[in-house]
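Worksheet: one structure, shown below.
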């Protein structure tokens, strides 16, 4: 019981010292006091593997796994594998790591696998599987927790899998570093973190088809997000630079010239593409 409680202590200490920069992606309960387990082992005719399913609710860089293992016979080659989801079972391997089991703790101990330097990205709303398997001798006990979570098993080395079971799984935790995306600086076409006349010049050149912009540059140049970069966006950047209050980024493209053949039609740069070199926007009166 004392040894098993070390897993809970490990979780608590890890949380206290690293909660500021780490997120717990998956935690499936406490193994303390739970006497059941999965037996992970390999023979000439069988290969018992067990896998836990988890779903990611943000974009992360995988930072660490934690497990609680014990053993019946010392296992000399245990592997942990991260796999993609394929038809609600473990699929393609993303990464795999060896676990050296401590011979001094047959009744159980916590184990960590650090992965941050491998830069493995876990994508939001995606399902993954973490699998324990043996590639050598011995019998590993993957101790169960006190909660029910989706898990699955295979007796033939992952060639086929059982149905997903909502039951006590092998104790494991998955940690990740949250990926934060900076909000775009609208109009900052050249990525110097400020809107200025250089951005305006590049936008004008793009509208006049004298300059190619990347997809990301076009996205930030389209400040009113109407799906195209035009003079309206250029004027919007001018307003931002001049700190116009309120910013005039919404314009009516209706032609109100009663003498124009396009009266009451929506017009813009595309209407007169190649036929005009200057647009003038003013007000009557």
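The values are calculated or read from the model by the stated rules, or taken from the named source; none is laboratory data. As the structure is a prediction and not an experimental result, all values here were calculated from the model. Cβ coordinates were reconstructed from backbone atoms using ideal geometry, including for glycine residues, and neighbour counts include every protein chain displayed.
In the condition set (1) more than 22 Å from the chain's Cα centre (by Cα); (2) without any contact (Cβ under 8 Å) to a residue 60 or more places away in the chain; (3) more than 18 Å from residue 29 (Cβ to Cβ), residue 87 is compliant with all but (1).
Restricting to the stretch 155-180, give me the number of residues that are without any contact (Cβ under 8 Å) to a residue 24 or more places away in the chain and assigned to a loop (DSSP other than H, G, I, E, B). Steps first, please.
Here is the first cut: in the stretch 155-180, the residues without any contact (Cβ under 8 Å) to a residue 24 or more places away in the chain are 159-160, 162-163, 165-167, 180.
Then keep just the ones that are assigned to a loop (DSSP other than H, G, I, E, B); that gives 159-160, 162-163, 180.
Selection size over the stretch 155-180: 5.
Just the residues that are over 30 Å from residue 60 (Cα atoms) and crowded, with 16+ Cβ neighbours inside 10 Å, please, taken from the stretch 178-217. Those that are over 30 Å from residue 60 (Cα atoms) and crowded, with 16+ Cβ neighbours inside 10 Å: 195, 199, 200, 202, 203, 206, 207.
For the condition surrounded by 14 or more Cβ atoms within 10 Å (Cβ to Cβ) and more than 25 Å from residue 33 (Cα to Cα), what is the one hit in 88, 84, 147? Full working, then the answer.
Values: 84 fails: surrounded by 14 or more Cβ atoms within 10 Å (Cβ to Cβ); 147 fails: more than 25 Å from residue 33 (Cα to Cα).
88 is the lone residue from the list that is surrounded by 14 or more Cβ atoms within 10 Å (Cβ to Cβ) and more than 25 Å from residue 33 (Cα to Cα).
Report whether or not residue 137 is farther than 28 Å from residue 58 by Cα and either surrounded by 13 or more Cβ atoms within 10 Å (Cβ to Cβ) or in the same structural domain as residue 102 (by TED's automatic domain parsing) (or both). When the stated conditions are applied, residue 137 passes them.
When 128, 111 are checked against the criterion of being under 22 Å from the mean Cα position of the chain (by Cα) and closer than 19 Å to residue 65 by Cα, a single residue qualifies: 128.
Taking the criterion of being assigned to a loop (DSSP other than H, G, I, E, B), farther than 16 Å from residue 203 by Cβ and either in the same structural domain as residue 199 (by TED's automatic domain parsing) or modelled with pLDDT of 55 or more (or both), would at least one residue in the stretch 228-243 satisfy it? Yes, some residue in the stretch 228-243 is assigned to a loop (DSSP other than H, G, I, E, B), farther than 16 Å from residue 203 by Cβ and either in the same structural domain as residue 199 (by TED's automatic domain parsing) or modelled with pLDDT of 55 or more (or both).
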